[in-house]
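Student: Right, I'll just put the structure down here and ask away after.
The values are calculated or read from the model by the stated rules, or taken from the named source; none is laboratory data. Please read these numbers as outputs of a predicted model, since none were measured by experiment. Glycine also receives a Cβ, built like all others from the backbone with ideal geometry; neighbour counts cover every protein chain displayed. All accessible areas refer to the heavy atoms of the entire protein, side chains included, with ligands and DNA or RNA removed. Shrake-Rupley method; radii C 1.70, N 1.55, O 1.52, S 1.80 Å.
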Amino acid sequence: MTNSLKIILLFFFVCLSGLQVVGQEKENLISANYSGIALSDFISIIEQSGIFKFYFENKTIEGKEVSVDFKETPIGECLKEISNQTMLGFYLEENKVYLFPGSEIQKDFSGSEQIPVDSENKSVIDKSLDDLRKQEFEIITIGIPGKSGNNEAILRGTVKTFDYKTPVVDGNVIIAGTNKGVSTNSRGEFEIKLKQGNHTIQFSSIGMKPTQRMINIYSDGKLDVELETQIQVIGDVDIFGNQQETVAQVRSGVERMDAQTIKSLPALLGEPDVMKTTLMMPGVQTVGEGAAGFNVRGGKTDQNLILIDNAPLYYPSHFFGNFSAISSDVVKEAILFKGSIPSKYGGRISSVYEINTKDGNSRKISGVGGISPLSLKAMLEGPMLKNSSFFVSARSTYSDYILDLIKIPDLYNSQVSFYDIQGKLNFELSHKDKLKVGFYTSNDKYSLHSDTLYNYQNRVFTAQYEHLYNANWRTELSGFNSFFAYDISSEKDISRSFNMTHEVQNYGLKNFNEYKNHNGLILNFGADVNWYDINPGRLNVPEESRIIPFISDNEYGMEYGAFAGIEFSVTPRVVVETGFRLSGFLSLGNGSRFVYAPGKPITEDNITDTIVDSKYNLKQSYFNPEFRISTNFLLSSSSSLKLAYNRTSQYIHILTNSTAISPTDTWKLSDEFLLPQLGHQLSTGIFKSFNNGEYETSVEGFYKRIDNLKEYKPGASLVLNDHIETEILNGKGKSYGVEFSLKKNEGRLSGWMNYTYARTFVKSDSPFESEQVNGGEYFPASYDKPHNLNVFANLKASRRIILSSTLNYSTGRPITYPVAKYQLGEQVILHYSKFNQYRIPDYFRIDVSATIEGSLKANRKFDSSLTFSVYNVTARRNAYSVFFKSNGNFYEGYRLSVFATAIPTITYNFRF
Amino acid sequence: MKNRFIKYHLFLSTLFMVALLSGCIDPFKPVLDKSDSEKILVVEGFITDEPGSFEVKLSRSVPIDTMVNYVNESGAYVTISDDHNNTFVLTEVEPGVYKSLDETLKAVAGRIYQLSIIDAFDKEYESSPVLMPSKPEIKEVYWEEESETVFVDNEVIDEIGLNIYVDGDDLENNAAYYKWDISETWEVMMPNAITALDGKGMPYETFVKVPDEKKYCWVTQNTQKILVKSVENQSDSEVKKFMLQRIRPGEDKLFIRYSIEVKQYTLNKEMYDFWKGIREINQDAGSLYDKVPVSIFGNITCCNTNEKALGYFYAAEVDKKRIFIEKGEHEIVNVNRYESCLYVSDETLHYFTSGFWARSAFCSDCREYGTNIKPDFW
């Protein structure tokens, strides 16, 4: 990573001896005679003449000496001579001299070469990487002197990637030395207002090498910039491209992960995983290994809106939650909003996890692939039609083959397989219109030591259309269909055979409009609507079966939202982003439902009547205004204080009474009994970066309250139940915590260290004693793990070898232990403690990996790498659960570990 | 509640991942707060239409790491009342066992029974009223030789064992929940003669004849598993081929003669949920997606404090059936329990009246396993 150049003007007053700079009319001829003079002194001497100014980085000229003997020599030749002696590169523009390390661009040296001067219609085009890099040191003149009436000018331009010429979306454009900046739009375009004169503009984006341009702006003009990709070799790591961004960004509680970060973490069974990366972020926890989903700041797993290209994904994992359902090869970036959630998002109360897939390489066909012990994967991307591009990715496991090889009793009659296919077409309809069409499907099948086959699938279609009215205004129209279903079937014995299904259909439409101006004002507004069609569960049986089929009526519901937001600077140091979302839900009837006696617990015994609704008849309507605000007080150029309040509501819930989320949990819409879950979060944070963004630190605190959290009566029966409301309680939750984070973004060693202290409590909120868990008192939630430490370190040991390691520590999760025993007949039975009174042992795990690049040749067509990784290198038997089982008349405690040993893996990856 | 019968062993038996990645289950002893190991009253009362069934056992729970499983509750005042204004007082006949002194007393189907207890600390407990259901008749108890896939030394083999089933018929009762209690009895036999040592002077080995009173015994084993079933969501309330027990090859039950007595009765929903809960918390532990464990309280509540009692009180008419399985009727290879004993060099010597010492009582005295009194039904 290139450090930002510090351009320093020297104002040394060194006695002039033997130097003559002949007047301008004589073409700046220099006469000088020195032997073994320090270059810095020589420069000072020349600058004293008042004609030339030198620009360089101090360390470039450190310790360099020159011996010169010039007699009315033109400046160009003088510099050539000095260049030969010092191996430095030079560039001369008018009377300005730029010095660079290395002499590689000397060949371009020419005193007469014209720097492209930009006016309205011309733009700088990068010819080669050298040219591109050279631009960092050029002063670019923009506009025409005297054209602008006032002393301000607007700079417009486009930021693209150097490699593929694709627009850099959400890139940062910052005026160096200030915190003023804008971000690029979805076409990579930006617009920023500047005072006339000299500026250094910094450009950065995730996964890209930051760069800068020195400009001298006279009037409105254009500057196009290309960024080099950091992804030079597979596994090469650059964790955070956007220095200073965290400090300057108005929102707090936002975690960004790019594809490189995801790939650089040591992976279980060699499968880089976007979900597992999330778990390394402060404030994000999981119940345990083998548990799908994650808990954000004390929220439940169903309170995270996981979006792929704007469409919700209902079950985000393969293989019992051990692998993310999304292949990391297609991920451009993933952003987790855990604190301030933009008002354009709604529907889940704890977080929004936005996963954006890449647009596809618009220059040439390229691809990546890999083989790990578990899976095979491949991704192909390339240009298509005119200005359009595509990608397609597929992944599949061959674990069935491995299962056959393993001869252990628990695995007999087992099968496990999954695949996912994802693709996207990216049409550039015109300069101002873009259309993206995406498709995703995943399928998991398993049967564990039994004749019962489990099968679940996700299917997502997305379409996004974007139109730019002008550089300020854009509008986006997107639609999706997301489908999730599972079925469980058994066919061995015809009289006992069955097939049980659950289906979720979700259609959504969203309009989003955004206005950005060059003063950093951002305005947005829009509306969205979601249509839900859920089949709670069906039990289909063949005619010969003695099982009674269970047919349930589909549930229908419509969620709608209208939102508006504004981001503006109150003073140059205070930025406010505020938004408002009006969300509502219509619970629509279909078929029969029960009426319960008022003022009594909702139980089967209290059913007083059955009502039959006509289809789509409005049963219940909910409306929730949601107010959100974030403020950022810049304390200095590298530190800020942020405050945020967020209110969110949720109308669709997972029903589960097991500890971990499983693919056979069912989704349920809010209705007259299941009230919408409401979240309130107050958060604050201090952010500081050091050493020009090399280190970033932050401390964030939050307090969150959740109303109508879904809790269950003891032993609730949640499947195939036509009066599910008798099993569910509307509870309350509260959580609070502090998150500390330290990141090192640059250098051979990079990484982060996150520590979180957080507590989460829930209670069942019922006036009836029979419905209360723990007597209606608050008790620790199953995912309440107060101490949590995550460390990630990445070391570029050599040009070909990258080492990385992660460390995870957390307090054990709460558990209910048996505290007493008694006997009934011949059975010894356990009596349990208060709910979640105890904790399982603490969790600790270290993973390591080493990646070896196959080739370092430039411009290679085919590139490969080998990654060796060891998961759980200390082989610690981390408890997933502690349980008690009787062995005859004795009860013994057991600890169940999911990955109880070190798991070494070799993965082969390639790209072309 | 409907459709409870499909038992979603979400991720069956122990874990898949455990097995795959040599994950494991180790013994683990958590530190427990002793103040929670409350001594809770445990009630076990089941009255039937059989004479002498008016019996209630009272005990208290004990901390999980104690050697005993319970302590008897003495000094309580126990009564059972019915809806015909009868009150039956139960007398403590041995510690923790309260019984009606009228041995002919039996419960009657259709009546409502309720249990009341005043414990030694003057706390009053009461059961919920129980309507006694009439008996669901057992159609047949039968057995079949069936193969099951098992693992022996990491090899998959099809093992043929003997499965015992029950068929029930309950068309009039329209019962929804069944429970079975089984009692197995089988004959065991010692070898005719064993190697023994002479204890006087220099020991020397000799063959000794095992006397008849140590040779022939009967072992009885009562229900180990909780056998309950819901037929609520079945089109008929008939029980068909419900497996009560499986006898595997290599056991000793079928070596000579085997008998099983099956008691069948119906449960109300409260009791079905109770037994199912007990079964779940005690037998289905250990999978990744376990239900969160909860304490299972039955139908006994305390009426003047907040304290709840464990256990249950229930009344039901019971249908019984006994079958015998003779040695020649099947092809399951069972062994003489003491076969391996002949070769064991156990230092525990056992005295014979003849003055010899056997290597082990388990090899020479069947009373170590059962009784030498032939049961009436044999």
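Student: Using alpha-carbon positions, what is the distance between the centroids of segment A:812-874 and segment B:80-101, in Å?
Tutor: Rounded to whole Å, the Cα centres lie 54 Å apart.
Student: Using the structure shown, list the pairs from A:64/A:796; A:516/A:688; A:300/A:763; A:510/A:668 with a Cα-Cα distance above 20 Å, or answer none. Let's see the in-between values first.
Tutor: Values: A:64/A:796 30 Å; A:516/A:688 27 Å; A:300/A:763 14 Å; A:510/A:668 23 Å.
Cα-Cα > 20 Å for A:64/A:796; A:516/A:688; A:510/A:668; rest within.
Student: Kindly write out, for segment A:64-71 in residue order, the coupling ³J(HN,Hα) from the Karplus curve 6.51 cos²θ - 1.76 cosθ + 1.60 (θ = phi - 60°), rounded to whole Hz, with x marking Gly and Pro.
Tutor: Computed from phi, the couplings for segment A:64-71 are 8, 10, 9, 10, 10, 8, 9, 10 Hz.
Student: How much accessible surface does residue A:273 have with a 1.4 Å probe, in Å² rounded to 10?
Tutor: 10
Student: A further question follows. In square angstrom and rounded to 100, what buried accessible area do you get between chains B and A, total over both, with the probe at 1.4 Å? Don't skip to the answer; put the middle values down first.
Tutor: Values: alone 21670 and 38290 Å², together 52330 Å².
The summed interface area works out to 7600 Å².
Student: What aspartates and glutamates sit close enough to residue A:492 to cross-link, taking a C-alpha to C-alpha distance under 13 Å and skipping anything fewer than 8 places away on the same chain?
Tutor: Of all the aspartates and glutamates, those that pass the test against residue A:492 - Cα under 13 Å, at least 8 places apart if same chain - are A:451, A:544.
Student: Now a separate question. When all protein chains stay in place, what accessible area (Å², nearest 10, 1.4 Å probe) is found for residue A:849?
Tutor: 10
Student: Please sort by residue number the trypsin sites (Lys or Arg not before Pro) in segment A:719-816 whose DSSP state is loop and whose Cβ has at most 15 other Cβ atoms within 10 Å. Spell out each step's value before the answer.
Tutor: On the way: sites: A:732, A:734, A:743, A:744, A:748, A:759, A:763, A:796, A:799, A:800; in loops: A:748, A:799, A:800.
Counting only loop positions with at most 15 other Cβ atoms within 10 Å, the trypsin sites (Lys or Arg not before Pro) in segment A:719-816 are A:748, A:799, A:800.
Student: A further question on this structure: Take the alpha carbon atoms of segment A:462-532, find their center, do the same for segment B:246-273, and report the distance between the two centers in whole angstrom.
Tutor: If you average the Cα positions of each part, the centres end up 55 Å apart.
Student: Using a 1.4 Å probe on the protein heavy atoms, what percent of the accessible area of segment A:580-637 belongs to carbon and sulfur?
Tutor: The nonpolar share, carbon plus sulfur, comes to 58 percent.
Student: Give me the distance between the Cα centres of segment A:678-710 and segment A:273-347, rounded to whole Å.
Tutor: Computed from Cα coordinates, the inter-centre distance equals 17 Å.
Student: Show me the GluC sites (Glu not before Pro) within segment A:438-544 that DSSP assigns to loop and that have at most 16 other Cβ atoms within 10 Å of their Cβ.
Tutor: A:491, A:543, A:544
Student: Exceeding 28 Å between C-alpha atoms, which entries from my cross-link table qualify? They are B:215/B:263; B:240/B:276; A:263/A:704.
Tutor: Values: B:215/B:263 30 Å; B:240/B:276 19 Å; A:263/A:704 32 Å.
Pairs exceeding the cut-off: B:215/B:263; A:263/A:704.
Student: Average partner chain C-beta neighbours within 10 Å, per residue of B:58-71? Could the numbers behind the result be given before it?
Tutor: On the way: counts 0, 3, 2, 8, 5, 5, 12, 3, 2, 1, 3, 9, 7, 1.
Mean partner shielding for this stretch: 4.
Student: Per residue of A:895-907, count partner chain C-beta atoms within 10 Å of its C-beta, then hand back the mean as an integer.
Tutor: 5
Student: Using 24 Å as the Cα-Cα cut-off, could you pick out the over-long pairs in B:225/B:253; B:57/B:225; A:344/A:364; A:600/B:39; A:344/A:743; B:139/B:374?
Tutor: On the way: B:225/B:253 17 Å; B:57/B:225 20 Å; A:344/A:364 35 Å; A:600/B:39 33 Å; A:344/A:743 29 Å; B:139/B:374 28 Å.
The answer is A:344/A:364; A:600/B:39; A:344/A:743; B:139/B:374.
Student: Right, next: Averaged over its residues, how many other protein chain Cβ atoms are within 10 Å of peptide B:270-276's Cβ atoms?
Tutor: 1
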